[in-house]
Amino acid sequence: MTTARRLLAALRTPLGVLALLACGTLLFLTLFAPAIWGERAAVTDTTQISQPPSDEHLFGTDGSGRDILLRTLAATQLSVSMALMATVAGVLSGVLVGLLPLILGGRAGRWIVAGINIGVAFPGLLLAIAFSVILGQSGTAATLAIAIAMLPNYGRLTHNLAASVWGRDYISAARVLGVPTWQIVLRHVLPNVRDPLLVNAAITAGGALVSFAGLSFLGLGIQVPQYDWGRMLNEGVSRIFVTPAAALVPGIAIILAGLTFVLLGEILGKALTPDTHRSLSSRVLRRLRAQTAENETEPAGVPAPFAEDSVLAVRNLRVCAPHGRDDVRTLVDGVSFDVARGEIVGVVGESGSGKSLTLMSMAGLLDPSLHVSADAARFDGEDLTLRAGGHPASLDHHFGKRMAMVFQDPMSSLNPALHVGSQVAEAGLLHLGMNRREAREAAIERLEAVRIPDAERRYGQYPHEYSGGMRQRAMIAAGLMGKPSLILADEPTTALDVTVQAEILTLLRRINEEDGTAIMFVSHDIAVVTSLCTRVLVMYRGRLVEDISSEDLRAGRAAHAYTRALMDTVPTMTTPRGEPMASIPDEADFSGGGDGCAAGRAAGVEVVRGDADAAMRGDAERLDGDVERTSDPLVQEEKR
Amino acid sequence: MSVTPVSPAAGGTPAAAPGRTAFRAQNPWVSYLLRRGMYFVISLFVLVTVSFLLVQLIPGDPARISAGENAPPEVIEARRIQLGLDKPVIVQYLTFWVGLFTGDMGESITSRMPVLDVILSRAPATLELALAAVAIALVLAVCLGLFFGAITRGGRRHGVEVGFTSVSAIVAVIPEFLAGVILVYLFAVNMDILPVAGRSGLESYLLPVIALALGPTASLTRIVRAETLTVLQQDYVRTARAKRMPAVRLYGKHVLPNLLTSTLTISGLLLGSMIAGTVLVENIFAWPGLGGVIVESIQNQDYPLVQGIIIFYGALVLLINLIIDIVLILLDPRTALDTS
């Protein structure tokens with residue numbers, strides 16, 4: 001969507017209409033209020049001093065018998081225009097100072113950055129008060145003081161934004177071409193940092209309005225006989241026991257005007273940043289839920305019985321994700337499988353094939369916005385309910401005892417703020433009824449078992465003091481605190497070096513052989529999977545296309561075209577060196593018909609085939625409903 | 001557990017000798033503290049220099065202001081020599097520094113009291129007000145932000161989210177001086193249950209502290225909620241969820257520590273602005289701190305006093321930033337030491 005269309009869309013929301021109304025009113029009052037009510041607001045009536053609200057004076061009169069409401073309206077012009085002038089001056093000089101380090105470069109640039117950083121440390125109001133010492137006490141002086149106080153903050157924002165753009169390729173290209181620096185800054189840098197600067201300017205204007213009122217309130221801004229809201233507040237507070245309205249009405253005006261600028265920033269932010277999250281509308285969600293509930297009471301067919309020795313089994317697993325406001329994407333579509341005791345089952349498929357989603361839905365760790373359902377599921381002889389949008393409660397007591405998980409990225413899967421040892425020991429405290437000392441001893445034993453050297457000392461270290469391979473082994477150690485009959489491993493070796501990968505695979509194989517622990521091993525690396533696993537599930541676009549033993553796979557007895565294509569991409573010792581590596585072309589389609597999510601289709605919802613991995617990782621932000629974090633300019637402003 | 005431990009050489013990186021690690025762990029700390037201390041000193045130097053220059057730039061003749069508008073020329077000259085204003089600027093600047101170190105910040109023009117005495121007698125009231133408000137804002141914001149982040153995670157309770165976002169946005173816009181006026185109206189004028197001004201007894205703290213803490217608490221709560229949502233998306237929270245622990249443990253032990261570092265980093269500016277906010281709040285509640293004095297001395301052009309108070313406020317802000325940075329590396333040595 002273009003900026004203009006996004007702006008229109010943003011203005012059509014209730015908030016947008018409110019913003020439009022508020023901005024229009026403020027603009028009108030700023031331009032015309034003194035002309036309309038100025039004279040009547042200045043009339044002093046000694047017979048009407050400090051009157052309570054009446055028909056004639058809606059909010060009463062002040063200590064000189066002047067109408068409070070009319071004065072407040074008339075004061076809009078001075079209050080708003082001074083704030084806007086301060087904002088324009090502050091923002092322009094801030095942008096200039098923020099861009100100077102790039103233009104000047106070298107030592108001068110660094111000095112300016114250092115100066116900005118010191119200036120930022122001091123709060124704006126303090127700077128404004130300090131500068132009003134030199135500038136004197138008048139409206140112009142206060143405007144200048146606020147503009148100066150705004151400068152470091154805005155300078156830093158500009159500098160940070162510009163510096164992040166500065167490293168981009170097109171800037172480097174322009175520099176190599178010998179374009180003068182100031183021209184690069186004007187033509188390439190400024191347009192790319194303009195949007196966030198605009199959004200912040202709107203919010204800054206609100207801040208300037210409040211600061212200006214503050215200075216006037218202290219008596220350091222507008223002086224009698226002129227008056228703005230701050231000045232009125234100053235006069236009103238001393239008489240608050242007599243005529244509270246004289247202080248409250250201008251006070252409310254300040255709040256409303258401040259809010260108007262915040263709203264403006266919000267709308268600008270929405271218009272200038274690309275579309276963010278849209279959650280599944282409750283209407284679609286209700287239909288999906290109703291459909292699932294129907295399915296549960298009236299199963300479409302009798303699910304195939306579970307094998308006796310299976311540790312984990314599921315029939316007709318489906319995962320759907322919201323897509324746009326009213327659509328649903330099917331990410332996992334009718335997957336059924338069994339994992340036998342002591343078996344290592346690999347799940348392979350390309351990115352987005354739904355292999356990780358399948359694993360996570362079995363573990364009950366899916367994002368709540370995803371919708372999960374299955375005809376039947378069973379773990380260790382116990383039926384599971386795969387609840388949508390949450391953990392399957394029936395699994396809770398297995399975790400840490402009979403089920404364990406290993407995640408893809410050991411760098412991010414351990415809590416950086418806690419000792420590794422205590423994270424390993426946690427399962428013991430939570431599920432195995434150990435006390436702290438027992439849990440600690442058990443954890444050290446498990447750390448030694450996964451070959452963490454000097455486990456006693458390593459127990460008290462933070463994740464960042466561990467290497468990647470050690471972290472993954474610590475994760476496995478945490479899973480081994482109980483006596484798991486199944487380890488769910490989600491690409492546990494993908495983020496690791498090849499040598500470290502081999503260590504982890506050896507460790508998993510050893511656990512499998514010695515303890516008889518079944519492992520469900522998700523990976524996109526078919527070579528790793530065929531060497532480790534006894535059986536392989538091949539997933540393609542959300543469907544299970546093949547369930548094959550490793551032997552058959554290695555012997556080239558795969559039935560499905562996609563599996564064969566996947567195997568062909570694995571280089572062997574006999575692969576000719578000079579030729580390009582085999583690959584599956586992007587446009588290749590092995591699905592051969594079939595359509596979407598049964599629940600979605602039955603609910604009358606348009607079904608779109610989607611990228612499961614994007615739903616799980618890349619677009620997690622979008623799917624997680626964290627609207628505010630990306631689009632709330634106030635928070636962004638504060639985050640600076 | 002039948003998996004047998006094997007010798008470390010087979011599986012992992014050999015451990016470094018304990019002594020060497022201890023040394024390495026200590027080294028970045030020392031250099032970080034030195035660098036941070038250096039920054040503090042430089043900022044302080046800039047602050048003092050700027051405050052000195054401020055007075056040099058005041059329009060008009062300080063000696064005349066000090067001696068009085070209608071003083072005869074010889075009195076003004078005598079005053080000029082007394083204040084050392086006849087000397088070159090650089091000498092005045094050095095004298096100013098010497099004075100700072102010996103506790104001589106000049107004397108107030110209007111009251112003839114030593115500036116240091118004025119600051120020392122007024123500062124406790126300002127400090128109490130500021131510290132109480134900062135503490136309350138931090139504690140409340142972390143609790144509320146974590147709570148609202150937790151219940152609105154993953155797009156849940158859309159109504160609560162909308163309510164929270166709009167209410168907090170409105171409250172965050174209310175500046176401390178307006179909050180003060182509204183509170184005075186509600187509790188002192190309307191209900192007459194709390195003292196309207198002055199500092200006497202515990203209940204007199206209530207309104208000024210609330211007025212000062214209200215807006216920053218709302219802003220900080222929004223930040224904490226946004227940070228909570230960010231932390232909840234991290235892989236290590238999924239790991240923690242996989243362990244199936246009670247919510248209290250999940251949020252208290254796994255989410256909160258990660259939240260504090262980012263929140264504190266962001267909130268430094270906000271806490272600094274609360275120091276400046278005391279000036280406004282003190283003027284509303286006739287609080288016997290430095291806020292009333294600085295406004296009065298600006299209007300009276302009592303420049304030695306203005307200079308001293310500005311240095312006091314500035315140093316206080318710098319000190320708060322220093323404390324936050326030190327707390328940050330105590331909370332999370334990794335980020336602070338890596339990025340510095």
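The values are calculated or read from the model by the stated rules, or taken from the named source; none is laboratory data. Remember, predicted model here, so these are calculated numbers, not experimental data. Every residue, glycine as well, gets a Cβ built from its backbone with ideal geometry; the counts of neighbours run over all protein chains shown. Note: areas computed on protein heavy atoms with side chains; ligands, DNA, RNA excluded. Shrake-Rupley method; radii C 1.70, N 1.55, O 1.52, S 1.80 Å.
Values for this structure:
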| item | result |
| --- | --- |
| Long-range HN-HN contacts of A:Ile519 with modeled amide H, under 5 Å | A:Glu343, A:Ile344, A:Val345, A:Ile487 |
| Shielded residues, the stretch A:485-518 - accessible-area loss of 40 Å² or more between chain alone and all protein chains, probe 1.4 Å | A:Glu514, A:Asp515 |
| Heavy-atom accessible surface of the stretch B:145-259: percent carbon and sulfur, 1.4 Å | 67 |
| Where trypsin sites (Lys or Arg not before Pro) fall in DSSP loop in the stretch A:320-363, at most 12 other Cβ within 10 Å | A:Arg325 |
| Efficiency of FRET from Cβ geometry, B:Asp117 and B:Leu33, R₀ 35 Å, rounded to 0.05 | 0.55 |
| Rg/Rg_globular for the stretch A:403-473, with Rg_globular taken as 2.2 N^0.38 Å and Rg from C-alpha atoms | 1.03 |
| Solvent-accessible area lost in complex, 40 Å² minimum, residues of the stretch B:29-71 relative to chain alone, 1.4 Å | B:Tyr39, B:Leu54 |
| Over chain B, relative contact order from alpha-carbon pairs under 8 Å, at least 6 apart, % | 24 |
| Sorted largest first, extent of chain B alpha carbons per principal axis (Å) | 99, 61, 32 |
| Largest to smallest principal axis extent of the C-alpha atoms in the stretch B:79-207, angstrom | 71, 40, 21 |
| Rough spin-label spacing in nm, given labels placed 7 Å along Cα→Cβ, for B:Val162 and A:Ser93 | 4.3 |
| Kyte-Doolittle mean at least 0.0 and Cα axial length at least 24 Å: DSSP H helices in chain B | B:18-57, B:115-151, B:203-232, B:256-284, B:303-331 |
| ³J(HN,Hα) computed for each position of the stretch A:85-98 - Karplus, 6.51 cos²θ - 1.76 cosθ + 1.60, integer Hz, glycine/proline x | 5, 4, 5, 4, 4, x, 5, 4, 5, x, 4, 4, 5, x |
| Relative intensity, log₁₀ I(q)/I(0), of the stretch B:111-180 from a Debye sum that treats every alpha carbon as a point, q = 0.18, 0.19, 0.24 Å⁻¹ | -0.85, -0.90, -1.09 |
| Solvent exposure ordering (accessible area, 1.4 Å, most first) of A:His464, A:His560, A:His371 | A:His464, A:His560, A:His371 |
| In the stretch A:127-202, the chymotrypsin sites (Phe, Trp or Tyr not before Pro) that fall in loop regions by DSSP, at most 12 other Cβ within 10 Å | none |
| Between A and B, accessible area buried - total, square angstrom, nearest 100, 1.4 angstrom probe | 8200 |
| The stretch A:183-207 versus the stretch B:68-138: alpha-carbon centroid distance in Å | 41 |
| Where only C-alpha atoms are counted, convex hull volume of the stretch A:76-135 per residue in Å³ | 91 |
| Residues along the stretch A:126-143 losing 50 Å² or more of accessible surface when the other protein chains are present rather than the chain by itself (probe 1.4 Å) | A:Leu126, A:Ile129, A:Val133, A:Ile134 |
| Inter-chain shielding of B:153-159 (mean C-beta neighbours from other protein chains, 10 Å cut-off) | 5 |
| Size-normalised alpha-carbon gyration radius of the stretch B:230-316, reference 2.2 N^0.38 Å | 1.83 |
| Accessible area (Å², per residue) of the stretch B:44-158, counting only protein heavy atoms and a probe of 1.4 Å | 54 |
| Heavy atoms of B:Ile210: accessible area, 1.4 Å probe, square angstrom to 10 | 70 |
| Accessible heavy-atom area order of B:Trp287, B:Trp29, highest first, probe of 1.4 Å | B:Trp29, B:Trp287 |
| Distant-in-sequence amide H partners of A:Ala376 (H built 1.01 Å from N, under 5 Å) | A:Arg315 |
| Shape category assigned to the stretch A:515-558 from the gyration tensor of Cα positions, a/c cut at 1.5 | oblate |
| Quotient of Cα Rg and 2.2 N^0.38 Å for the stretch A:1-142, N being how many residues it contains | 1.54 |
